[in-house]
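See below for the structure under consideration.
The values are calculated or read from the model by the stated rules, or taken from the named source; none is laboratory data. From a predicted model like this one, the values you see are computed outputs, not experimental measurements. Cβ atoms come from the backbone with ideal geometry, glycine included; neighbour counts cover every protein chain shown. Calculation scope for accessible area: heavy atoms of the full protein, side chains included, ligands and nucleic acids excluded. Shrake-Rupley method; radii C 1.70, N 1.55, O 1.52, S 1.80 Å.
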Amino acid sequence: LTRETVAFVKLESAWGVLALPAAADAIAPIAVPTARQAESFTPSAEINGSRSLITRFRDKTPAGEWSLSLYPRPAGSAGAKPAEAALIKAALGQETVSAGASVVYAPALDLPSLSLCFREGHTTHFVSGCVVESLALSLEAKGALRLEAKGKFKAALHAGSEETVAGSTTTVLNLADGGAKLFDLGASVQVGDDDNT
């Protein structure tokens, strides 16, 4: 359900290295964030006198596209970062915090990347290497100011929800048939109270 959507945005220490979020990195999206990355294939050029499917080659995976919509949320006190601080810093590059006075953003040549993590129902998405290509404010005569962010990303991982079955231990997890297909290698998972920490 859309109302079960929870989203997090966190700056990465190195481009494309997933930064797992903490509670402080939570944001309230207006709609479910999107992260789409289509695989690319090239058919074989070999002459084949058969009606069978032509062999195809898997190409390098192209960059994916992500988008996120939210309401800007100022911190409410001077010198405190807004909720969307990671998005603004990734878009502009420079952030200067003067405690108790101001938070100022300015253009820079070196732009950081960020990780976008969001849960949609039973599926959690981990999107790494996000680059902010567009960060736009929209103001209408109705409703609140909206912040629209979008760009490209390196990789997306997914983790579903499944129950363990008999024979599971603290180091080996056994799932029902087909359960492993709900998880991508490298995604963060939680088993009971164990959350990868």
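Among all residue pairs at least 6 apart or on different chains, which show Cβ distances below 8 Å where the first residue, located in segment 88-101, is without any contact (Cβ under 8 Å) to a residue 24 or more places away in the chain and the second is among the basic types (Lys, Arg)?
Every condition considered, the pairs that remain are Glu95/Lys81; Glu95/Lys89; Val97/Lys81.
Restricting the search to segment 118-163, which residues are assigned to a strand (DSSP E or B), over 14 Å from Glu65 (Cα atoms) and open to solvent by less than 20 Å² (accessible area, probe 1.4 Å)?
Within segment 118-163, Phe118, Leu147, Ala159 meet the criteria.
Does Val172 meet the test of being of a type outside the set (Asp, Glu), more than 18 Å from Val32 (Cβ to Cβ) and in a loop (DSSP other than H, G, I, E, B)?
Criteria met by Val172.
Please enumerate the residues belonging to segment 88-114 that are part of a strand (DSSP E or B), in contact with a Phe, Trp or Tyr (Cβ under 8 Å, 6 or more places away or on another chain) and surrounded by 16 or more Cβ atoms within 10 Å (Cβ to Cβ).
Hit for segment 88-114 is Glu95, nothing else.
I'm told Ile54 meets every condition in (1) in contact with a strand residue (DSSP E or B) (Cβ under 6 Å, 6 or more places away or on another chain); (2) within 28 Å of Gln37 (Cα to Cα); (3) touching a residue at least 12 places away in the same chain (Cβ under 8 Å) except one. Can you identify the failing condition by its number?
(3)
Within segment 71-87, work out how many residues are touching a residue at least 24 places away in the same chain (Cβ under 8 Å) and open to solvent by less than 30 Å² (accessible area, probe 1.4 Å).
The qualifying residues number 4.
Restricting attention to segment 28-41, which residues are surrounded by 11 or more Cβ atoms within 10 Å (Cβ to Cβ), of a type in the set (A, V, I, L, M, F, W, C) and without any contact (Cβ under 8 Å) to a residue 60 or more places away in the chain?
Ala28, Ala31
For residues that are surrounded by 15 or more Cβ atoms within 10 Å (Cβ to Cβ) and assigned to a loop (DSSP other than H, G, I, E, B), scanning just segment 1-16, find the one that is modelled with the lowest pLDDT.
Step by step, filter segment 1-16, then rank; the result is Thr5.
Being loosely packed, with under 14 Cβ neighbours inside 10 Å and either hydroxyl-bearing (Ser, Thr, Tyr) or part of a loop (DSSP other than H, G, I, E, B) (or both) is the filter here; which residues of segment 179-197 pass it?
Leu185, Gly186, Gln190, Gly192, Asp193, Asp195, Asn196, Thr197
Filtering segment 17-27 down to residues that are in contact with a strand residue (DSSP E or B) (Cβ under 7 Å, 6 or more places away or on another chain) and either basic (Lys, Arg) or farther than 19 Å from Lys152 by Cβ (or both), which residue is surrounded by the fewest Cβ atoms within 10 Å (Cβ to Cβ)?
Among those residues, the one meeting the criterion is Ala26.
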